[in-house]
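What follows is calculated from the coordinates using simple rules that are stated; it is not laboratory data. This is a predicted model, so every value here is computed, not measured. Here the Cβ is made from the backbone with ideal geometry for all residues, glycine too, and neighbour counts use every protein chain on show.
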Amino acid sequence: MPAPYTGGCGCGAIRYSMTTEPLISYLCHCTECQRRTSSAFGLNTQIPAENLVIEKGTPAERKRRADSGNELGLNFCGDCGTPLFSIPGARPQIRVIYCGTLDDPSWVPVKLHIWSDSALPWAIPDDGIERVSGQPNMADYIGKV
Ligand SMILES: [Zn+2]
Ligand SMILES: [Zn+2]
């Protein structure tokens with residue numbers, strides 16, 4: 001798929017593009033993603049911060065603790081509330097894009113299940129994709145899965 005990939009919030013106040021291929025994409029079964037999506041898991045992809053371009057609007061940000069214990073800067077639309085991406089406190093050079101906000105999330109290449117120990121029992125398919133029980137060091141997986 002050719003870059004850039006585009007996405008935005010539900011009301012259209014925030015639009016963004018990704019100007020690179022993802023470093024890694026995964027389903028995150030942590031309780032933070034369950035709460036944020038009000039669903040079973042997050043569909044997330046990581047890119048370098050400089051490759052996320054906010055094309056329209058300014059996301060609002062709220063800091064919170066992730067299951068890993070690290071601070072997470074949750075960026076969302078202040079108008080409609082759609083969560084868009086996060087900034088991991090431990091890796092501020094990374095943006096974790098919430099892929100449900102992409103105009104077309106169907107291409108996202110899922111490479112891992114993470115936080116599998118908090119997965120809902122019916123929400124982690126036997127799909128042959130590697131499972132990690134908690135928060136992995138993503139550097140161990142980028143380009144290797
Ligand atoms: Zn919005
Ligand atoms: Zn998560």
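Charging the Cβ of each Asp and Glu at -1 and of each Lys and Arg at +1, and nothing else, the dipole of the chain about its Cα centre rounds to 360 debye. Since only Leu72, Val96, Leu52 are under comparison, the one whose Cα sits farthest along the positive direction of the charge dipole of segment 1-131, derived from C-beta charges on Lys, Arg, Asp and Glu, is Leu72. Taking the chain as a Gaussian network of alpha-carbon nodes connected by springs under 10 Å, the highest mean-square fluctuation of the residues Pro125, Pro48, Pro109 belongs to Pro125.
Within a straight-line Cα-Cα reach of under 25 Å, Lys111 can be paired with the following lysines, leaving aside sequence neighbours fewer than 8 residues apart in one chain: Lys144. Projected label points at Cys11 and Ile54, each 7 Å from Cα along the beta carbon direction, are separated by 1.5 nanometres. Can you compute the FRET efficiency between Leu120 and Ser68 using 1/(1 + (r/R0)^6), with r the Cβ-Cβ distance and R0 = 25 Å? Round to the nearest 0.05. With R0 = 25 Å, the Cβ-Cβ based efficiency is 0.80.
Take the alpha carbon gyration tensor of segment 4-46, find the square roots of its eigenvalues, order them as a ≥ b ≥ c, and report rounded if a/c is under 1.5; if not, report prolate when a/b exceeds b/c, else oblate. Because a/c hits 1.5 or more and a/b fails to exceed b/c, segment 4-46 counts as oblate.
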